[in-house]
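Below: the structure, in structure tokens.
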Amino acid sequence: MIKKVLIAIFVLFSVVFLGLLTPAIMRTAKPDIEKNKLLANHLYDSLSIEITKPVIISKFMASDTLLQYALKNEESMSEVEMASVIAEYLASIKEKFGYEVAFVISEKTHRYYTINGISKIVNPQKDPYDSWYQLFLESGKNYRLEPDRGEVYDYRWAVFVNARLEDSDENLLGVCGVGVFMDEMQSLLSKCEAGFGVKINLVDKEGLVQVDTDSTNINNAYISEVLSDKASQNEFSYMERSFGGFRMVRYIEDLDWYLVIQNIGLGEKSLGVMFLVGAAYFFLLAVLLVNLYPEKIKKSRHFESTDDTEDYLTGLPNRNYLKNSFGELGIFNTTRYKTLVIFDIDRFKVENETKDGDMILIGVVERAKNIIGDRGIMFRWSGDEFVIFYEAHADEAERKFTEFCTIVKEDLDVSVSVGVVEVNLSESIKTNYHRAVQLCYGMKAAGGNGVKREL
């Protein structure tokens, strides 16, 4: 009886609270469109210089006759001599423009030149990571931006500007360019976001996030709403959101990306009122819940701990479990596992907006468990990305997870992308993971709903 009385009081208080507060918010949260447009143009001017600079440098490299001459005469020099010539050239790019990431790839020899010499031989047949090279050439574009984890740069996130390198007769010589480490761009965006109280993203023409201060969103999250905003390169489109919020979008032709600036709204006065009254509201809610359901509160706090080794939604082990089981260095301590499998749900952000995202995750996990049985261990890595240490060899893993993709599509009406690699015990788990995640990304880039295996 007492519980029912408390609940009734709380419901009554909630109705009164919302009834009084909503008109106040609506009155004070009027958007200042002209002010917002001035802010957006200021941010565009501030960011475009830094963001388009690497495009200009990469175009300059592609048209540099010195570099063209060196590659045309590559076979007339020894490998050591050529590596020295290109390294000196790239060092000059670094000295003049300050880019740590600068590279040249020869179409003739497929050598990957950096400031430190020849880092590798590009070979998509042996290293699926190298597939980007052929994909770029086949695109027919003179240059393209590509956010990626740089294999020769310790897998750090970077935005690479790939430029097609040709001689005066339009004969292909290779690919060159520079790159900007993502943390440098994130630092720039973070300052703007903090200074102006907005969220800034760069997204491609499909709405896929290319640059974000949160690395987990890169090449994973979608802001699909921008596609309907009809933004141009001359000015920002403007869309009002609830409570005085806004979304402004502008196309940047040099990048072939959209700059997206968002604010969720609530003016300063409204925010102050919301904070004070809301604090009291949620304090009462907490007191009520603690008294009514003390055992459930205790349980939920357990799952909020960052030291947990179990994911609260799926019940799967998480990264902390892996760290505890395989050590700080992340080395495979058993020969039991033959393959490492990574999968994530295609366009999950869009699916989550139209369906029950939690139920999708749980459904996908259940079907993955049925596939691996007791022959492996599955981790929830982050968001909709899952990692599996599997006892089966690559042939069987590819067959099983192709079946998994079909089942998920038929049962849940969503698709997944899968990357499969043979475990290399001489490499760290991190390195094995990065080999698999590149295959997963490659599958997503090809349209998803399938398995890509290391050959």
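Residue by residue through region 412-455, note down the ones that are among the aliphatic types (A, V, I, L, M), closer than 19 Å to GLY150 by Cβ and open to solvent by 10 Å² or more (accessible area, probe 1.4 Å).
Narrowing region 412-455 to residues among the aliphatic types (A, V, I, L, M): 412, 414, 416, 418, 420-421, 423, 425, 429, 436-437, 439, 443, 445-446, 451, 455.
Right, trim to closer than 19 Å to GLY150 by Cβ and you get 421, 436-437, 439, 445.
Selection gives ALA445 alone.
So, in region 168-222, exactly how many residues are among the hydrophobic types (A, V, I, L, M, F, W, C), touching a residue at least 60 places away in the same chain (Cβ under 8 Å) and open to solvent by 10 Å² or more (accessible area, probe 1.4 Å)?
10
Scan region 211-246 for residues that are in a loop (DSSP other than H, G, I, E, B), at pLDDT below 85 and among the charged types (D, E, K, R) and jot them down.
Matches in region 211-246: ASP229, LYS230, ARG241.
Among the residues of region 171-190, write down those that are part of a strand (DSSP E or B) and among the aliphatic types (A, V, I, L, M). Explain how you work it out, then say what you get.
Residues of region 171-190 that are part of a strand (DSSP E or B), as a first pass: 172-181.
Answer for region 171-190, where residues must be part of a strand (DSSP E or B) and among the aliphatic types (A, V, I, L, M): LEU172, LEU173, VAL175, VAL178, VAL180.
Mind checking which residues of region 397-455 are among the small types (Gly, Ala, Ser), under 22 Å from GLU351 (Cα atoms) and out of contact with any helix residue (DSSP H, G or I) (no Cβ under 8 Å at 6 or more places or on another chain)?
Scanning region 397-455 gives ALA446, GLY447, GLY448.
Only one of VAL451, VAL408, VAL437, VAL414 is part of a loop (DSSP other than H, G, I, E, B) and in contact with a strand residue (DSSP E or B) (Cβ under 8 Å, 6 or more places away or on another chain). Can you tell me which?
Details: VAL451 fails: part of a loop (DSSP other than H, G, I, E, B); VAL408 fails: part of a loop (DSSP other than H, G, I, E, B); VAL437 fails: part of a loop (DSSP other than H, G, I, E, B).
Exactly one of VAL451, VAL408, VAL437, VAL414 is part of a loop (DSSP other than H, G, I, E, B) and in contact with a strand residue (DSSP E or B) (Cβ under 8 Å, 6 or more places away or on another chain), namely VAL414.
Counting only residues that are open to solvent by less than 50 Å² (accessible area, probe 1.4 Å) and over 27 Å from ALA445 (Cβ atoms), give me the strands (runs of 3 or more DSSP E) lying completely in region 307-397 with at least 1 of them.
Details: elements: 339-345, 376-382, 385-390.
Filter on region 307-397 gives 376-382.
Name every residue in region 39-64 that is of a type in the set (Ser, Thr, Tyr) and free of Cβ contacts under 8 Å to residues at least 60 places away in the same chain, in order of residue number.
At the first step, the residues of region 39-64 found to be of a type in the set (Ser, Thr, Tyr) are 44, 46, 48, 52, 58, 63.
Scanning region 39-64 gives a single hit, SER63.
Filter region 69-122 down to the residues that are open to solvent by less than 50 Å² (accessible area, probe 1.4 Å), small (Gly, Ala, Ser), without any contact (Cβ under 8 Å) to a residue 40 or more places away in the chain and assigned to a strand (DSSP E or B) and list them by number.
Across region 69-122, the qualifying residue is only GLY117.
ILE86 versus (1) at pLDDT below 95; (2) in contact with a Phe, Trp or Tyr (Cβ under 8 Å, 6 or more places away or on another chain): which is the lone unmet condition?
Failed condition: (1).
Please count how many residues of region 312-338 are within 24 Å of the chain's Cα centre (by Cα) and at pLDDT 85 or above.
Count: 5.
Checking the conditions here, which among THR65, THR22 is at pLDDT 90 or above, over 30 Å from ASP127 (Cβ atoms) and either open to solvent by 50 Å² or more (accessible area, probe 1.4 Å) or of a type outside the set (S, T, N, Q) (or both)? Steps first, please.
Working: THR22 fails: at pLDDT 90 or above.
None of the others qualify; the one that does is THR65.
The values are calculated or read from the model by the stated rules, or taken from the named source; none is laboratory data. Here the structure is a predicted model, which means the values were calculated and not measured. All Cβ positions, even for glycine, are placed from backbone atoms using ideal geometry, and neighbour counts span all protein chains on display. Quick note on the areas: whole protein, heavy atoms, side chains included, nothing else; ligands and nucleic acids left out. Shrake-Rupley method; radii C 1.70, N 1.55, O 1.52, S 1.80 Å.
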